[in-house]
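Everything on this sheet refers to the single structure shown next.
The values are calculated or read from the model by the stated rules, or taken from the named source; none is laboratory data. As the structure is a prediction and not an experimental result, all values here were calculated from the model. Note that we place each Cβ from the backbone using ideal geometry, even for glycine, and neighbour counts take in every protein chain shown.
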Amino acid sequence: MRLYKTTAIVLQSVPYREADVLLTLYAPARGKIRALAKGVRRPKSRLRGGVQPLTQSSFVLYAGRTLDTVTQCQPEATFPRIHAELERWAYANYLAELLLACIGGSEESPALFALLLAALHLLEDEEPALVARFFAARLLVLLGYGPELSRCAACGRAVTGDVLTVGAEGLLCQECATAQTGGGRLSRRSLAALEYLMRARPATLGRVRLGEAVLEELETVLDFWLGRHLERPLKSVAFLHGLKR
Ligand SMILES: [Zn+2]
């Protein structure tokens, strides 16, 4: 049987031929899936609702050699505010692009799927910048890129002072900081917030309030740490910065 059923989040949808789209899906037990959805750009297509970007749908797919084909799909979560509000939409695209840029092929990862799904649900109600910082912090941990925060990442000594220097592998002590290029500065307050976000469960995020200064510091260091694992800058980041201006 080459048909299989899975839930998946639509990460990307690119027009293909006359009326088809090429989808990039993310599924818990299969990771990234590339699939062709035929005829969905025709108004009467039954598949149309389920293949919209940033929608969770239940799919029936036919496994091809290089490309799978969508035979059925039903939307499960449509995220109306993400699709109605430009800022939330831009942040959701950032999460999708960041995930795609960080994963290789089609490794299964129920934990990454659960993180993305939880973050999309949070984006419906919570402050988008906070959700993005939570997603990035958890992503670092789940990918095994978690930075050293308890002591100097270069020499292992204790880090002291109110403002801490950020290096490639984590925090740096004052001796090591001068010899290395830093990735910005982190106040003790932002460090506490980061440590919380790296362990936080999605359900608790609604109770978290971080000031704008903390969110901005976290953005700089998280982008720095994640950026080391990306081949090129993300398009969605430039778009988000443009939106803020
Ligand atoms: Zn050191």
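What the table shows:
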{"item": "Complete set of residues in segment 137-170 that are within 29 Å of Gly104 (Cα to Cα), within 12 Å of the ligand (Cβ to nearest atom) and outside any strand (DSSP E or B)", "result": "Ala153, Ala154, Glu169"}
{"item": "Strands (runs of 3 or more DSSP E) contained in segment 1-48 and holding at least 2 residues more than 22 Å from His83 (Cβ to Cβ)", "result": "3-16, 31-37"}
{"item": "Residue in segment 21-41 that is touching a Cys at 6+ places or on another chain (Cβ under 6 Å) and modelled with pLDDT under 95 present", "result": "no"}
{"item": "Matching option when the condition is at pLDDT 95 or above and either in the same structural domain as Ala192 (by TED's automatic domain parsing) or more than 16 Å from the chain's Cα centre (by Cα) (or both), among Leu122, Leu100", "result": "Leu122"}
{"item": "Selected residue [among the aliphatic types (A, V, I, L, M) and closer than 24 Å to Glu195 by Cα] from Leu100, Leu164, Leu86", "result": "Leu164"}
{"item": "Every pair of residues 6+ apart whose Cβ atoms lie under 6 Å, when the first sits in segment 171-195 and is over 13 Å from Pro147 (Cα atoms) and within 16 Å of the ligand (Cβ to nearest atom) while the second is assigned to a loop (DSSP other than H, G, I, E, B) and modelled with pLDDT of 90 or more", "result": "Cys173/Cys152; Cys173/Arg157; Cys173/Val159; Cys176/Cys152; Cys176/Ala154; Cys176/Cys155"}
{"item": "Residue match in segment 58-73 (condition: in a helix (DSSP H, G or I), away from the ligand (no atom under 16 Å from the Cβ) and surrounded by fewer than 20 Cβ atoms within 10 Å (Cβ to Cβ))", "result": "no"}
{"item": "Evaluation of Leu205 against (1) more than 12 Å from the ligand (Cβ to nearest atom); (2) exposed (fewer than 14 other Cβ atoms within 10 Å of the Cβ); (3) not in a loop (DSSP other than H, G, I, E, B) (one fails), failing number", "result": "(2)"}
{"item": "Filter result for Pro53 (out of contact with any strand residue (DSSP E or B) (no Cβ under 9 Å at 6 or more places or on another chain) and more than 18 Å from Ala29 (Cα to Cα))", "result": "no"}
